[in-house]
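Just below is one structure, and these are the notes that go with it.
The values are calculated or read from the model by the stated rules, or taken from the named source; none is laboratory data. Since this is a predicted model, take the numbers as computed values, not measurements. Cβ placement follows ideal geometry from the backbone for every residue including glycine, while neighbour counts extend to all protein chains displayed. Keep in mind that these areas ignore ligands, DNA and RNA; they rest on the heavy atoms of the full protein, side chains included. Shrake-Rupley method; radii C 1.70, N 1.55, O 1.52, S 1.80 Å.
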Amino acid sequence: MFYQMKNKSKFALGALALCAAFVIQSCTEDIDESDRYTFTGYTVSSYLESHEEYSEYYALISEVLVSSRSASTVQQLLSARGNYTVFAPDNQAIQEYLDTLYRKGLITEPSWDGFDDDNILDSIQKVIVYNSIIDGGDDTEAYETGSFPSDNAEFLLANMNDRKLTVNYGNDPDSIYIDGTKDTLGIVHDGCLLDMVNRDIYAVNGYIHEVHTVVAPSNESIGELLNSYVTDNTEGFLVTAKIVLACGMLDTLTKIRDETYEQMYLTGQLSDLPTLVEKSSIGYLPEHRKYGYTIFAETDDFWSQTLGKTPQDITVEDVKDWVISKDLYPDALTDDDYSNEENVLNQFVTYHMLPMRISSDKLVIHYNEKGYVYTTSTNYTVAVNETYTTMGKKRLFTLYQVGNLDGIYINRFPNLDNSRTGTYQELSCDDDKAGFYVDTGGAINVVNGYIYPISAVNANAGPATLAYNQDTRDNFQKHRWRYDVASLFPEFMNNDIRANRIGTDRDMCVGIPINADYQYLDNTYIEDGTNFYYYLGLGKSLLNYQGDGFYINGRYEVTFPMPPVPAKGTYEVRFLVSNTSSYRGMCQVYFGTDTENLYAMGIPLDLRLEPTSDFVGWVEDTGDEDTDAETDKKMRNNGFMKAPEHYTGIGYSEPARAQDQLARRIIVRQDMEPDRQYYLKFKNVLDSETLDLKFDYFEVCPKEVYDNPNTPEDIW
């Protein structure tokens with residue numbers, strides 16, 4: 001079918017692990033011939049056709065169909081109007097790919113004639129073509145190198161294989177790789193290097209970048225990857241793989257997407273939500289319900305140095321005994337039932353895991369914190385935390401980044417400049433609170449997850465390994481935690497809904513499907529009659545933390561899980577009240593541990609209240625600290641607080657604290673215990689289906705912070 005070449009090169013390990021089962025689903029139908037370009041100038045297709053070095057690739061795109069539901073070829077697609085980014089392998093790259101398949105024994109000869117099974121042949125051809133093309137549609141421009149994402153970050157758009165490709169930059173600024181991993185010396189391994197000259201090739205419908213290796217990201221799940229570490233005795237994360245598998249997590253970590261939802265979506269059992277009138281946006285349903293996982297892991301080098309053995313010789317029992325010796329989980333069970341969440345090894349390993357796939361550019365989300373604007377800022381400013389709930393036993397886990405310190409850290413508890421006139425940057429950090437550094441450059445990226453290498457910042461003073469020990473709990477207990485509501489739901493990260501930077505109408509307003517027999521959000525209960533929208537708000541003049549928010553209307557009744565608390569004590573729960581719209585309504589808040597028997601928290605909340613009313617007591621800051629502190633005290637007595645100094649709205653010159661449309665409302669003040677699941681419920685109490693509950697973020701604050709006689713809670 002195609003001529004062959006004889007050169008050989010590296011191969012992205014595991015790229016074909018699932019090739020025989022490869023299936024593409026797409027909504028694209030036949031290409032409209034009227035969309036063909038008629039004026040002069042190369043299209044992507046005509047450029048590839050006219051250059052002999054891409055003849056193999058052009059032959060492939062001329063045979064591969066756009067989807068199983070289309071009679072049009074990819075070549076026809078690339079002849080039409082659009083915005084296509086194409087990582088075009090030259091003939092040598094395709095031949096080297098076939099050479100590798102032959103060496104692995106997957107084909108009988110290193111050519112297209114070496115395939116015994118037409119289905120596998122078809123899958124391999126789709127692997128090459130679909131992975132190489134990003135279709136920007138009508139709204140998103142094709143990528144030239146100047147618009148590529150930052151180091152080890154993902155492109156905003158997925159390729160035709162529904163995979164998001166990452167970019168790595170080598171030590172040479174002109175060395176740009178698609179996918180791959182970077183070692184501590186900055187050398188990229190297993191990536192597809194863009195040609196130094198044949199890149200940013202302009203076509204009237206996109207850009208072409210020549211690559212000398214076929215773009216073939218692994219189709220392995222994170223479970224399969226860890227299993228291969230153990231099967232092949234591969235160093236890197238071998239010890240982590242052993243203990244994860246010993247805890248019986250292989251099946252969970254192998255899941256990629258919810259096939260029940262796929263069928264419901266494809267067969268029309270679900271309907272888009274009606275237009276969110278306030279934003280004039282249709283609530284488009286998510287196309288998928290994917291699963292995802294992120295593991296923050298000590299490397300094999302750490303374990304070898306700690307236990308004095310090679311990674312191959314280290315056993316699961318060695319790790320368990322070491323964890324016990326360090327008294328990291330003194331109340332945990334120490335038997336060999338590692339699948340039990342109460343087991344010491346299970347508690348140790350699951351504290352390294354989050355139930356969502358988080359790319360490096362979303363580990364800490366930056367959008368509109370004070371001094372930073374996502375469209376123009378080049379440096380981060382104030383301290384930002386993203387706090388999540390781990391897998392296994394529910395425990396707090398925070399990722400931290402600040403402008404005056406390089407990198408991202410886990411469970412770092414620094415001393416911040418948090419006075420009323422401060423900068424909210426880091427002043428210092430005690431050695432035992434320095435946390436763990438996340439090596440984003442060394443991340444391993446697979447279809448449903450990431451593994452990030454981590455290391456203790458000050459192992460001699462603080463914990464040597466990541467653990468939810470008593471010191472960690474105590475540190476959490478001394479802080480207030482702010483949660484963007486979307487952070488509660490792994491589905492928003494796994495399905496590229498949260499902090500999506502594309503900003504098309506479909507991405508801007510996402511509706512959560514309501515079905516009596518199916519809940520899209522795990523452990524969340526959305527009753528019939530509820531319209532539940534996630535509004536991205538990208539670039540809009542909104543006073544929303546991180547730009548986004550939930551808008552819930554109809555005869556709504558929504559119950560969702562709260563994150564855990566670190567210790568027994570009294571806590572406040574607050575959420576932002578925004579009176580920037582005439583669409584606000586009234587709701588009753590309920591709280592407790594039994595979803596069938598939650599307790600009403602006071603009288604219904606009137607979300608229409610003006611913060612400047614006497615009932616709330618908002619008064620503009622004067623600049624006199626004593627006077628402003630007195631205003632804060634009066635508002636707290638009324639059950640309110642000003643919005644934080646921490647962020648502002650896009651297009652607003654003053655921080656949220658200075659906005660008289662905003663206030664935080666204290667909705668719960670209760671004794672709470674760790675290891676218990678608490679829920680919040682919001683129920684409409686007005687005879688209206690158009691007035692809404694706007695939910696932006698909420699805070700959980702321990703009494704020793706909000707009622708500290710020596711150090712008042714900061715305004716940030």
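Taking all protein chains together and a probe of 1.4 Å, list Ser150, Ser359 from the most accessible to the least accessible.
Reading off the accessible areas and sorting them downward yields Ser150, Ser359.
Just tell me which lysines come within less than 26 Å, Cα to Cα, of Lys634; anything on the same chain fewer than 8 places away is out.
Filter leaves Lys370, Lys478, Lys642, Lys694, Lys703.
Summing Lys, Arg as +1 and Asp, Glu as -1, what charge do residues with Cβ under 13 Å from the Cβ of Ser147 carry, Ser147 excluded?
-1
Enumerate by residue number the GluC sites (Glu not before Pro) in segment 72-168 meeting two conditions: DSSP loop (anything except H, G, I, E, B), and at most 12 other Cβ atoms within 10 Å of the site's Cβ.
Glu141
Output needed for segment 660-716: three equivalent-ellipsoid semi-axes, defined as square roots of 5 times the C-alpha gyration tensor eigenvalues, in descending order, whole Å.
For segment 660-716, the semi-axes come out at 28, 18, 9 Å.
Would you calculate the convex hull of the Cα atoms in segment 52-97 and tell me its volume per residue in Å³?
86
If you scale each eigenvalue of the Cα gyration tensor by 5 and take the root, what three semi-axes come out for segment 250-366, rounded to whole angstrom and sorted largest first?
Semi-axis lengths for segment 250-366 are 42, 17, 14 Å.
Of all the accessible heavy-atom surface of the chain, with the other protein chains kept in place and a 1.4 Å probe, what percent is carbon and sulfur?
Exposed carbon and sulfur together represent 45 percent of the surface.
Sort largest first and round to whole Å: the equivalent ellipsoid semi-axes of segment 127-211, each the square root of five times a Cα gyration tensor eigenvalue.
Computed over segment 127-211, the values are 21, 14, 12 Å.
So, taking all protein chains as they sit and a 1.4 Å probe, how much accessible area belongs to Glu673, in Å² rounded to tens?
For Glu673, solvent-accessible area is about 80 Å².
Where in segment 78-125 are there trypsin sites (Lys or Arg not before Pro) that are in a DSSP coil and have at most 12 other Cβ atoms within 10 angstrom of their Cβ?
For trypsin sites (Lys or Arg not before Pro) across segment 78-125 that sit outside H, G, I, E and B with at most 12 neighbouring Cβ atoms in 10 Å, the list reads Lys104.
With all protein chains present and a 1.4 Å probe, how do Phe115, Phe532 order by accessible area, largest first?
Putting Phe115, Phe532 in descending order of accessible area: Phe115, Phe532.
In deg cm²/dmol and to the nearest 500, what is the mean residue ellipticity at 222 nm of the chain if only DSSP H runs of at least 4 residues count, each as -39500 (n - 2.57), divided by the residue total?
-5500 deg cm²/dmol
Which number do you get for Rg(Cα) / (2.2 N^0.38 Å) in segment 57-125?
For segment 57-125, the normalised Cα radius of gyration is 1.24.
Specify which labelled value, from (i) 222; (ii) 146; (iii) 170, agrees with volume of the Cα convex hull per residue in Å³ derived from the coordinates of the model shown.
Only one option fits the structure, namely (iii).
Return the tail of the calculated pair distribution for segment 487-633, meaning the percent of Cα-Cα pairs more than 18 Å apart.
69
As a test question: what accessible area, to the nearest 10 Å², does Lys694 have when a 1.4 Å probe is rolled over all protein chains in place?
Surface accessible to solvent at Lys694 totals approximately 10 Å².
As I understand it, the dipole of the chain uses +1 on the Cβ of Lys and Arg and -1 on the Cβ of Asp and Glu, about the Cα centre. Which of Leu399, Leu609, Tyr372 lies farthest toward its positive end?
Leu609
Order the following by accessible area, largest value first: Asp99, Asp671, Asp183. Probe radius 1.4 Å; ligands, DNA and RNA are ignored.
Asp671, Asp183, Asp99
Tell me, what is the per residue accessible area of segment 100-238 in Å², probe radius 1.4 Å?
41
To the nearest Å, what is the center-to-center distance of segment 212-266 and segment 383-431, using C-alpha atoms only?
30
In square angstrom, what is the accessible area per residue of segment 513-571 with a 1.4 angstrom probe?
30
If we restrict to alpha carbons, what Rg and Dmax does segment 544-588 come to, in Å?
Cα-based Rg and Dmax for segment 544-588 come out at 14.0, 40 Å.
Just the accessible area per residue of segment 417-463, please: how many Å² with a 1.4 Å probe?
Per-residue accessible area for segment 417-463 comes out at 41 Å².
Using the crude model of +1 on Lys and Arg Cβ and -1 on Asp and Glu Cβ, and no other charge, please compute the dipole size for the chain relative to its Cα centre, in debye to 20.
Magnitude of the dipole: close to 1280 debye.
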